[in-house]
Amino acid sequence: MTVTDSTGPADQPRSLVIQQVLYRNDADGLIRAAEALANSVKWAREDGVIGDWTLALGDCSPQPALTDSQADGIRSHVEQAGGTLTVEFFDENLGHGGGHNRLAKSTTGDLLLVLNPDSMLGADSVGALARTVAGDIALADGRQIPFEHPKEYDPRSFDTSWASGACSMLQRQAFDQVGGFDHETFFMYCDDVDLSWRLRLAGHRVVHEPAARVFHDKRLSTAGDMQASDTEHYYSAEAAVLLPFKYSRPDIARSILKQFEAEGSDVARRVVAEIARREREGAMPAPLDPEHRVATFVDGNYSTNRF
């Protein structure tokens, strides 16, 4: 079942830009993902919901992740589906939101799909998202498999607290209206939560679209836990402190900092030191949502979880 707003999708096919930020990704995996992505766009174009489209790759790797011939392999899939490929080597690591913001400066389109490079779209996913993102719905995310995200969504309206940046489609106008991702505050993690909440504060809806399926390549350890790098551990911990500071819940942020101080791990010490530095230098985010209209903090999560 596809979410639809009361106004319905646009009568004419809308243009689409799909953005992916790379960092040392396997080229063969990127080519396979591009084939699935292009096939999904092809279906949406045949259904008349997508017109012109572009795949924009932004490379944050120390050295280019793609050779010219590998980029041509991706371009072949894109062009066969009527699209255009652009590849930009940033020569610096801008992070998730920073990379997408940089790409967005050089792209235009009615719709913007933010997609992780380690994700593969289902055949009808682009169409399902495009049919959903219309009217007052500014942002919709897809259903991640094989590990579905547990955040809650309304079973009738599909409204949700926030949309995952692993696979999110936006109305470009709304993305520009709120200034895109806050990359100065969030290098990785929680920039998607923050973007969702700022869109909701601006009067837009954020929904989950379970008909848009995306395989997100997450690996489990032998103990059944998600395998995360040291970088992921650090930035997720840092974001867990910065988000409540930004959304007028310093009590939660201070409580987390106390836990980190007591924990004493390398990651915890680095986060405590970084927050202290930002406070000294006046680099903390300006607080938003003092009435707590959109920001939700539940047991360490940013919405109630279904499971």
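The values are calculated or read from the model by the stated rules, or taken from the named source; none is laboratory data. It should be emphasised that the depicted structure is a prediction, and the values quoted were computed from it without experimental measurement. For neighbour counting, all protein chains shown are included, and Cβ atoms are generated from backbone atoms with ideal geometry for every residue, glycine included. Surface accessibility is based on the protein's heavy atoms, side chains included, excluding ligands, DNA and RNA. Shrake-Rupley method; radii C 1.70, N 1.55, O 1.52, S 1.80 Å.
Springs between alpha-carbon atoms under 10 Å, Gaussian network over the chain: tell me which of N101, N116, N93 tops the mean-square fluctuations.
Highest fluctuation of the listed residues: N93.
So for the chain, what percent of the C-alpha to C-alpha distances run longer than 25 Å?
Values: 22879 of 46971 pairs.
Value for the chain (Cα pairs over 25 Å): 49 percent.
Treating only the Cβ of Lys, Arg, Asp and Glu as charged (+1, +1, -1, -1), what charge dipole size does the chain show about its Cα centre? Round to the nearest 20 debye. Numbers along the way, then the final one.
Working: 30 positive and 46 negative charges, 101 e Å.
Here the size comes out at about 480 debye.
Just want to confirm a number: the relative contact order over the chain, from Cα pairs under 8 angstrom separated by 6+ residues, in percent. Mind dumping the intermediate values first?
On the way: 603 pairs, mean separation 58.8, N = 307.
Result for the chain is 19 percent.
Calculate how many DSSP beta bridges within the chain are antiparallel, expressed in % of all such bridges and rounded to the nearest 5. Intermediate results must be reported in sequence, preceding the final value.
Values: 16 of 42 bridges.
Within the chain, antiparallel bridges account for around 40 percent of the total.
Per residue, how big is the convex hull around the C-alpha atoms of the stretch 1-154? Give it to me in cubic angstrom, could you? Show your work: numbers first, answer last.
Values: hull volume 18.3 nm³, N = 154.
Enclosed volume per residue, from the Cα hull, is 119 Å³.
Which one of S40, S168, S157 has the biggest mean-square fluctuation once the chain is modelled by GNM with Cα springs under 10 Å?
S157
Suppose R0 equals 22 Å; then what is the FRET efficiency for S248 and T107 from their Cβ-Cβ distance, rounded to the nearest 0.05? The partial results should precede the final answer.
Working: r = 33 Å, r/R0 = 1.50.
Plugging the Cβ-Cβ distance into 1/(1 + (r/R0)^6) gives 0.10.
Using the heavy atoms of the protein chains alone and a 1.4 angstrom probe, what is the accessible area of the stretch 1-105 per residue in square angstrom? Don't skip to the end; give the middle numbers.
Details: 5090 Å² over 105 residues.
Here the per-residue accessible area is 48 Å².
How large are Rg and Dmax for the stretch 160-307 when calculated on the C-alpha trace, in angstrom?
16.1, 46
Can you give me the relative contact order of the stretch 148-307 as a percent, contacts being Cα pairs under 8 Å and 6 or more apart?
Numbers: 170 pairs, mean separation 44.6, N = 160.
The value is 28 percent.
What FRET efficiency do you get for Q12 and E79 if R0 is 25 Å and r is their Cβ-Cβ distance, rounded to the nearest 0.05?
Details: r = 23 Å, r/R0 = 0.91.
E between Q12 and E79, to the nearest 0.05, is 0.65.
State to the nearest 20 debye the size of the charge dipole of the stretch 117-252 about its Cα centre, where the only charges are +1 on K and R beta carbons and -1 on D and E beta carbons.
Working: 13 positive and 21 negative charges, 86 e Å.
The dipole of the stretch 117-252 has a size of about 420 debye.
Quick one: with all protein chains in place, what share of the accessible area of the chain is carbon or sulfur, to the nearest percent (1.4 Å probe)?
Values: 6700 of 14270 Å².
It is 47 percent, rounded to a whole number.
With only alpha-carbon atoms in the gyration tensor, what are the semi-axes of the equivalent ellipsoid for the stretch 25-69, in Å, largest first? Please report the intermediate quantities before stating the final value.
Details: eigenvalues 135, 26, 10 Å².
So the three semi-axes of the stretch 25-69 are 26, 11, 7 Å.
Dipole of the chain (Lys/Arg Cβ +1, Asp/Glu Cβ -1, origin at the Cα centre): which of L121, A276, G300 lies farthest to the positive side?
Selected residue: G300.
Build a GNM of the chain with springs between Cα atoms under 10 Å: which of A33, A134, A202 gets the top mean-square fluctuation?
Result for the chain, Cα springs under 10 Å: A202 fluctuates most.
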